[in-house]
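Can you read through this structure? Questions will come right after.
The values are calculated or read from the model by the stated rules, or taken from the named source; none is laboratory data. Worth saying up front: this structure is predicted, and the values here are computed from it rather than measured. With ideal geometry, Cβ positions are generated from the backbone for all residues, glycine too; neighbour counts draw on all protein chains shown. Ligands, DNA and RNA are stripped out before the accessible areas are found, and what is left, the full protein with its side chains, is counted by its heavy atoms. Shrake-Rupley method; radii C 1.70, N 1.55, O 1.52, S 1.80 Å.
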Amino acid sequence: MVKKISAIVLAGALTLSLAACGGGKGNNAATGTEGEGAKTSSGQKQVIKILHWKQDNINKAMNEINKKFEEKYPEYKIEYTTTGPDDEYKQAQRARLTANDVDILADLSGMRLSPQEWTPGAKVPDWEQWINSGLIADLSDQAFVSKWNANDIEKAGTYNGKVYAIPTGKVAMSGLFYNKEIFEEHGLEVPKTWSEFIQLNETLKSKGITPIGVAGKDVWPLKLPVFALQAKILGGGDQQKWIEGVWKGETAFNDAEAVEVLEKMKTLQDNYMIEGFMGIDYASAPAIFATGKVAMLADGSWDAPTIATANPDLKFGYFPVPATEDAAKNASFVGKYDVTWYVAEKGPNKEGALKWLEFFSEPENYTTFVKAAGFIPTMDGISTDSDFIDNELTPYLGDFELAYEIMMINRENVGEHLAAEGVHTEYLAPGGEFKTAKELADVQQKEWEAAAPK
């Protein structure tokens with residue numbers, strides 16, 4: 001899914017581009033004015049440069065927090081720049097960090113697993129390269145780290161025994177939003193097994209109701225329901241075991257379990273998703289669900305505030321995609337850590353960045369952020385006042401698992417059908433070239449073998 005571009009060429013091009021437009025200010029949601037530099041004897045304010053992606057609910061909360069920070073610390077000015085998500089953001093992230101043109105940057109998830117002794121030739125994630133290159137600040141001795149849940153910091157912000165990042169929340173990614181009014185009107189219940197799920201979809205279709213909406217145009221949303229299938233099917237429900245196995249040659253991308261994952265997702269795509277789903281962009285999907293055009297929506301729990309905004313009167317819930325016939329195994333979400341803050345070691349204002357992160361870590365300010373984001377808090381004692389989190393997410397959080405894309409350690413230069421730690425069901429017909437799941441699985445296994453170190 002991610003196009004491989006020369007990091008050197010890309011960083012150079014983007015650095016020139018950002019320099020030409022004043023550090024990317026043309027695409028920002030910044031508080032404050034442009035053209036203000038570091039504090040001087042004449043009393044100019046010190047600028048703290050924060051890089052993030054565009055996401056309205058979070059951007060609004062950030063602007064509120066930044067304004068409060070500037071009021072408390074008038075010697076500082078926040079330059080809060082946002083870009084488009086995914087590839088556009090990753091490109092800006094790399095370019096500005098290597099150019100020492102950012103103080104605080106967000107990452108799309110907590111630290112993904114880095115290469116292990118059983119992963120020869122594995123791709124080294126960007127965050128690990130940055131740390132090893134001295135570009136990311138060590139936060140271990142910062143007092144504000146103790147305000148965050150120690151387990152979450154250990155899982156998502158720690159590398160080689162040192163803290164380098166602050167994960168700001170957890171999200172469930174393997175669920176479906178569902179319209180409670182549609183379910184109640186037709187006497188439907190939340191399914192607990194795969195066969196119940198298929199029967200639910202068939203019942204909805206028989207009543208002229210489109211079962212599932214998904215934003216296929218952006219591709220990555222297609223991975224969300226697959227995360228449930230992978231976590232509950234691969235390795236018999238132990239995907240870590242399966243992932244280690246594929247590296248050791250004990251499991252394969254075209255073994256029975258991997259093919260079952262693809263076949264079940266193909267069943268959903270072929271039979272129960274909204275017509276033309278590959279042309280629906282992510283920004284449009286919440287409104288399609290909120291207006292009752294579909295009974296369910298494949299999306300992450302973070303989009304609950306967006307759905308509620310689109311239709312404040314809508315009664316909706318969220319349940320895990322039931323991947324197997326074992327109801328107990330199905331009854332937990334798969335997810336990840338979301339927005340994770342790093343401080344640039346060589347940025348123009350490291351001192352200011354640490355002060356901002358200390359301010360952000362105050363429970364009052366973090367609460368503003370986490371409520372807007374719709375995240376499961378990673379700081380203890382935080383009340384989100386969210387019926388959605390308390391009643392829709394919490395019952396399924398007992399055995400919270402990290403998603404495949406977070407756990408999978410990929411090979412360097414792996415083929416497009418396995419890139420970005422994805423299952424890539426967009427390649428399945430009718431939208432893609434492969435008529436069967438087994439055909440795609442065989443190509444994936446060949447690409448995996450071709451990427452093995454020589």
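Quick check: at a probe of 1.4 Å, how many percent of the accessible area of the chain sits on carbon and sulfur atoms?
Percent of accessible area from carbon and sulfur atoms in the chain: 49.
Give me, ordered by chain and number, the residues 5 or more places off Tyr318 or on other chains with an amide H under 5 Å from its own placed amide H.
Distant-sequence amide H within range of Tyr318: Tyr178.
OK, next. Enter the Cα centre distance for the pair the stretch 394-423 and the stretch 440-454, rounded to the nearest angstrom.
So the two Cα centres are separated by 17 Å.
Which whole-Hz ³J(HN,Hα) couplings does the stretch 394-408 yield from phi under the Karplus relation 6.51 cos²θ - 1.76 cosθ + 1.60, θ = phi - 60°, glycine and proline marked x?
3, x, 10, 9, x, 10, 4, 10, 6, 6, 3, 5, 8, 7, 6
What is the diffusion coefficient of the stretch 70-138 in µm²/s, taking the Kirkwood radius over Cα pairs and the Stokes-Einstein relation at 25 °C with a viscosity of 0.890 mPa s?
171
Taking the Cα centre of each part, how many Å lie between the stretch 221-261 and the stretch 79-147?
Distance between centres, Cα-based: 27 Å.
Something else about it: With the alpha-carbon atoms as the only input, what is the per residue convex hull volume for the stretch 320-433 in Å³?
193
What dipole magnitude, in Debye to the nearest 20, does the chain give about its Cα centre under +1 on Lys/Arg Cβ and -1 on Asp/Glu Cβ? Please report the intermediate quantities before stating the final value.
Details: 45 positive and 66 negative charges, 204 e Å.
Using Cβ point charges on Lys, Arg, Asp and Glu, the chain gives about 980 debye.
According to a simple spin-label model (label point 7 Å from Cα along Cα-to-Cβ), what is the distance in nm between Asp387 and Glu364?
2.9
Quick check: the angle from helix 437-450's long axis to the longest principal axis of the chain, C-alpha only, nearest 10 degrees?
40
Tell me the per residue accessible area of the chain using a 1.4 Å probe; a whole number in Å² is fine.
Value returned for the chain: 41 Å² of accessible area per residue.
Further question on the same structure: Under 13 Å from the Cβ of Gly276, count the other residues' Cβ atoms, weight Lys and Arg +1, Asp and Glu -1, and hand me the total. Mind showing how you got there, number by number?
Working: positive: Lys217, Lys293; negative: Glu275, Asp281.
Residues near Gly276 contribute 0 overall.
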